[in-house]
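Report on one structure; see the data block that follows.
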Amino acid sequence: MKIVQKFFLGLGMVLGVAMLAACGGSSTPGEVAKDFMTNAYQGNGDVLIKFIHIPDQEGTKEGVREMVDGKFKAQSARAKAMADEKGGLKSVEIAKEETNGDKAKVEVKVIFADDSTKNEYLDLTKIKDDWKIEIK
């Protein structure tokens with residue numbers, strides 16, 4: 001029975017990631033931050049780059065995008081390991097969202113299966129119609 005539950009849980013995560021990848025940008029900075037942190041703590045490092053804003057002058061330099069992608073994949077692996085130590089990721093909630101024009105600050109509350117929590121803080125910027133996470 002537990003094997004069946006694990007199979008459907010895994011299938012649900014895979015389908016969720018596929019839907020996120022297919023759906024373009026989220027409509028609010030809070031939703032983007034929540035989706036980003038959910039993927040990070042689930043170990044889905046391969047999708048994190050789509051949430052990140054790399055300025056044009058940096059993004060055109062050879063190897064910059066690959067370096068940023070690699071760093072976020074590694075960070076996601078560490079976040080997943082931490083979540084696994086706490087029984088896994090239970091949920092991610094938007095704790096606070098402040099928007100000022102095309103800039104936003106979002107605080108998300110990461111809740112683990114053992115009911116411990118961690119607050120994460122993200123700065124976002126609106127590029128065309130999509131909110132992207134700023135890296136500094």
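Using the Cα centre of the stretch 50-128 as the reference point, and only Cβ charges (+1 on K/R, -1 on D/E), how large is the resulting charge dipole? Debye, rounded to the nearest 20.
100
Rounded to whole numbers, the Karplus 3J(HN,Hα) couplings from phi for the stretch 31-45 are 5, 5, 4, 5, 4, 4, 5, 4, 5, 4, 6, 8, x, 8, x Hz, using 6.51 cos²θ - 1.76 cosθ + 1.60 with θ = phi - 60°, and x at Gly and Pro. Partners of LYS105 within straight-line reach, counting aspartates and glutamates whose Cα lies under 18 Å from its Cα and excluding those fewer than 8 residues away in the same chain: GLU31, ASP35, GLU93, GLU97, GLU120, ASP123, ASP129, ASP130, GLU134. Taking amide H as placed 1.01 Å from N in the peptide plane, GLY43 has its amide H under 5 Å from the amide H of LYS80, each at least 5 places away in sequence or on another chain.
Scanning residues 5 or more positions from TRP131 or on other chains, those with amide H under 5 Å from its amide H are SER26, with H placed 1.01 Å from N in the peptide plane. With θ taken as phi - 60° and the Karplus curve 6.51 cos²θ - 1.76 cosθ + 1.60 applied, the whole-hertz 3J(HN,Hα) list for the stretch 131-136 is 7, 10, 7, 7, 10, 10 Hz, x standing for glycine and proline. The modelled label-to-label distance between LYS103 and ARG65, using points 7 Å beyond Cα along the C-beta direction, is 2.7 nm.
With a threshold of 21 Å on the Cα-Cα distance, the over-threshold entries among LYS71/LYS126; LYS80/LYS126; LYS50/LYS71 are LYS71/LYS126; LYS80/LYS126. With each label modelled as a point 7 angstrom along the Cα→C-beta vector, the ALA74-GLU31 pair spans 3.3 nm. Phi angles across the stretch 100-117 convert, under the Karplus curve 6.51 cos²θ - 1.76 cosθ + 1.60 with θ = phi - 60°, into 3J(HN,Hα) values of 9, x, 9, 10, 8, 10, 10, 10, 10, 9, 8, 10, 9, 4, 7, 6, 6, 9 Hz, Gly and Pro given as x. Here LEU48 sits with roughly 0 square angstrom of accessible surface, probe radius 1.4 Å. For the stretch 64-111, the relative contact order is 28 percent, taking Cα pairs closer than 8 Å that sit 6 or more residues apart in sequence and dividing their mean separation by the residue count.
Label separation (ILE135 vs GLU93): 3.1 nm, computed from points 7 Å beyond Cα along the C-beta direction.
The values are calculated or read from the model by the stated rules, or taken from the named source; none is laboratory data. This is a predicted model, so every value here is computed, not measured. Backbone-built Cβ (ideal geometry, glycine too); neighbour counts: all protein chains shown. When the accessible area is computed, the model is the full protein with side chains, heavy atoms only, and any ligands, DNA or RNA have been set aside. Shrake-Rupley method; radii C 1.70, N 1.55, O 1.52, S 1.80 Å.
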